[in-house]
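What follows is a single structure, written as structure tokens, with notes after it.
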Amino acid sequence: MSGLEEPTELLVQVQKSSNRQGETVIQVMRHVDPPSSPGAEDDNEDGVDDSLPMDSSGKKMYPQRYRTAWEEVPAFRDWLMPVPGDPFSAACASCETSMKAHRQLLVEHCKSKKHQRQLGHRNPDFTPVPAARRGRKRPTPSSVTTSSPAPFRRMMKQLRPEREPELEVSYSDTSRVTYAIGLGAQRVGFIGSGSVARSIAKGMLDKGLVVPNKVMVSAPSDRNFETWRKWGCRVTNCNDSVISSSEIIFLAVKPSALEALVADLSVIPEDKSRCFISLLSGVTRERVASLLAARRQLQADMAELHVVRCQPSTPLMIGEGSCSYSAAPDLPHSWLLAVETIFSALGMCYKVEESLMDALAGAFSSGPAFAYAFVEALSAGAVNMGVPWHLARPMAAQTMLGAARMLMETGSTAAELRDEASSPGGTTPAGLMALEKNGMRFAVMAAVQAATERARELGREASVASGDPIG
């Protein structure tokens with residue numbers, strides 16, 4: 001047929017193999033244009049090198065996509081970061097350079113002398129750019145046609161962006177929630193570097209919920225920064241930097257410092273949705289939301305800014321803490337899952353009404369300190385009866401641990417287990433009688449009441465002081 005071009009055929013070389021799970025994998029290795037007729041012009045008009053790059057050993061390296069799992073490799077996690085808009089490039093935040101996203105290239109870069117000199121000097125303002133394109137041009141639908149659709153579909157399937165893993169949720173009988181993955185690409189910030197902030201951050205890092213280079217902390221002084229640096233987190237004295245670079249922000253300052261903290265902030269950017277998790281005792285969620293919204297010059301119920309109030313305990317650091325939180329009824333499901341992901345992985349997590357938060361803070365946020373006081377008294381009592389300190393301390397701690405596990409695993413009440421441990425006319429009833437006679441029960445109840453009233457008092461304080469971290 002004169003005057004009409006014949007369809008161009010795409011010759012595809014396909015490699016068929018099996019992975020470790022026994023699944024068949026078909027990979028498009030390359031495409032070959034049909035031989036041109038004599039006198040035809042060269043198709044490579046743009047001068048791009050059609051050969052694949054090689055590593056130091058001379059092996060060809062086929063294009064790879066950037067993998068977020070690389071950020072968890074100990075040799076990479078302190079400097080590796082993705083390149084926005086280019087899934088085939090990677091960047092080094094220490095050397096401020098970009099490269100192709102190939103694991104072998106990352107290993108070679110990690111061993112280079114320049115990288116060894118720059119390691120540890122991370123620039124938080126570094127914006128990576130795509131690496132220079134080298135190697136074979138990837139075919140696109142506009143540049144090729146094919147008379148064999150099946151290989152072409154397989155090839156285009158590889159060119160599609162990888163889907164994010166879906167969040168899998170499973171609920172247990174105790175309403176605790178566990179999750180299959182962490183927080184994904186969300187970055188976490190802490191305003192305040194005290195003991196509560198460190199407990200939450202350490203627990204999140206140990207559980208793998210977030211990688212260290214996605215955590216930033218700010219504080220007015222450098223007093224606690226050395227610990228955060230050892231964990232691989234970024235530190236700064238600027239609260240605005242934490243807010244602008246994070247999606248989840250923990251407010252871990254003293255309640256009296258909240259107004260001064262918000263007043264010193266620049267206008268909160270509106271480039272993305274953010275969730276502020278308030279750890280301030282006695283300060284209601286509505287008050288925090290109104291202060292932040294006023295600084296942002298928006299209403300408190302705007303969809304881009306959300307506030308959750310939490311009352312955690314320091315055993316979150318070892319994954320055995322307790323946390324209660326309150327949230328607005330219209331809190332998006334994605335942020336609700338994020339809060340549950342964090343605190344359920346670090347212990348026990350319950351969603352409660354705002355009116356219960358102060359009482360829960362007085363009983364269970366302060367509860368570990370009450371338990372430590374009892375362990376100290378139990379150890380001192382044993383020493384008074386002749387037991388050495390090096391035996392009294394660990395055995396008192398183990399006694400508390402064993403009693404707590406009995407309560408959690410048997411499902412029995414404390415009164416039932418107390419009766420089971422008490423033999424008529426034995427030593428345990430005599431000791432319990434002494435505790436009741438000296439007012440142990442009422443002393444503990446009075447401690448919870450005093451802590452609750454103090455939490456409410458902190459919420460009413462209007463004094464503005466320096467933003468010292470909690471703890």
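Each value in this text was obtained by applying a stated rule to the coordinates, not by laboratory testing. This is a predicted model, so every value here is computed, not measured. Ideal geometry is used to build each Cβ from the backbone, glycine not excepted, and the neighbour counts take in all protein chains shown.
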- Query: In debye, nearest 20: dipole of region 367-459 around its Cα centre with unit charges on the Cβ of K, R (+) and D, E (-)?
  - Reply: 200
- Query: Taking the Cα centre of region 179-354 as the origin and placing charges on Cβ (Lys, Arg +1; Asp, Glu -1), which of Ser334, Leu205, Tyr350 is farthest toward the positive end of the dipole?
  - Reply: Leu205
- Query: So if R0 is 41 Å, what FRET efficiency would Val444 and His333 give, r being the distance between their Cβ atoms, rounded to the nearest 0.05?
  - Reply: 0.60
- Got a sec? How would Phe88, Phe276 order by Cβ neighbour count within 10 Å, fewest to most? Phe88, Phe276
- Centroid-to-centroid separation of region 361-414 and region 206-266 [C-alpha atoms, Å]: 34
- Query: Tell me, what is the percent relative contact order of region 367-459, built from C-alpha pairs under 8 Å that lie six or more residues apart?
  - Reply: 13
- Ranked by how many other beta carbons lie within 10 Å on average, peptides 407-414, 377-384 from highest: 377-384, 407-414
- Message: Taking amide H atoms as placed 1.01 Å from N in the peptide plane, list the residues 5 or more away in sequence, or in a different chain, whose amide H sits under 5 Å from that of Cys323.
- Response: Met348, Cys349, Tyr350
- Which Cα, out of Thr410, Leu458, Met433, lies furthest along the positive dipole direction of region 367-459 (beta carbon charges, K/R +1, D/E -1)? Leu458
- Dipole magnitude (debye, nearest 20) for region 179-354, charges at Cβ of Lys, Arg, Asp, Glu: 500
- Note on the structure: Over 23 Å (Cα to Cα) among Lys113/Lys202; Lys114/Lys202; Lys202/Lys254; Lys230/Lys254 -> Lys113/Lys202; Lys114/Lys202; Lys230/Lys254
- Query: With a 10 Å Cβ neighbour count serving as the proxy for reagent exposure, in which order, fewest first, do Phe370, Phe343, Phe364 appear?
  - Reply: Phe370, Phe364, Phe343
